[in-house]
1. Restricting the stretch 30-40 to residues that are more than 12 Å from the chain's Cα centre (by Cα) and of a type outside the set (A, V, I, L, M, F, W, C), which is farthest from Asn51 (Cα to Cα)?
2. Can we say Ser54 is of a type in the set (Gly, Ala, Ser) and not in a strand (DSSP E or B)?
3. Look through the stretch 57-87, keep the residues that are without any contact (Cβ under 8 Å) to a residue 24 or more places away in the chain and among the polar types (S, T, N, Q), and return whichever of them is nearest to Lys16 (Cα to Cα).
Amino acid sequence: MQGDLGIGSVREVNVKSGLPATTSTERLEQLDDEEHILGIRIVGGDHRLRNYSSIITVHPEVIDGRPGTMVIESFVVDVPEGNTRDETCYFVEALIRCNLSSLADVSERMAVQGRTDPIPININA
């Protein structure tokens, strides 16, 4: 991790999802704890994503009468030469599904433990 966990910080991510990539370099573009907004830009890695940026927002929601959370992720990305728009969207959607699954796992562990404080995350890739 380079930086102070603030805007402009860069992290190296090891991709372990089975996607056709093993590393990704991401820069934190936006972070608003009060509004629950996270924005990142992918700036490198061994994948074909170019000019990818994403905004994630988190919203409290009642789901089947129980408190829950709705997570919305929107993205923009250039279609790389040699790929179609559909292939690029398929890859990004698979990446988003993996990220949301990881977020759900962490959230469920926190809920089971009755934790509301942040879980320290080792970001060293």
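Each reported figure results from applying straightforward, stated rules to the coordinates on display, with no laboratory input. As the structure is a prediction and not an experimental result, all values here were calculated from the model. Neighbour counts run over all protein chains shown; Cβ positions are idealised from the backbone, glycine included.
1. Residues of the stretch 30-40 that are more than 12 Å from the chain's Cα centre (by Cα), as a first pass: 30-36.
In the following step, the residues that additionally are of a type outside the set (A, V, I, L, M, F, W, C) were identified as 30, 32-36.
Values: Gln30: 16, Asp32: 22, Asp33: 25, Glu34: 27, Glu35: 25, His36: 23 Å.
The selected residue is Glu34.
2. Spelling it out, it is not the case that Ser54 is of a type in the set (Gly, Ala, Ser) and not in a strand (DSSP E or B).
3. Among residues in the stretch 57-87 that are without any contact (Cβ under 8 Å) to a residue 24 or more places away in the chain and among the polar types (S, T, N, Q), the one nearest to Lys16 (Cα to Cα) is Ser74.
Each row is one residue, and each column tells you yes or no for (1) basic (Lys, Arg); (2) surrounded by 11 or more Cβ atoms within 10 Å (Cβ to Cβ); (3) part of a helix (DSSP H, G or I).
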{"position": "Phe75", "(1), (2), (3)": "no, yes, no"}
{"position": "Thr88", "(1), (2), (3)": "no, yes, yes"}
{"position": "Ile96", "(1), (2), (3)": "no, yes, yes"}
{"position": "Val106", "(1), (2), (3)": "no, yes, yes"}
{"position": "Arg109", "(1), (2), (3)": "yes, yes, yes"}
{"position": "Gly114", "(1), (2), (3)": "no, no, no"}
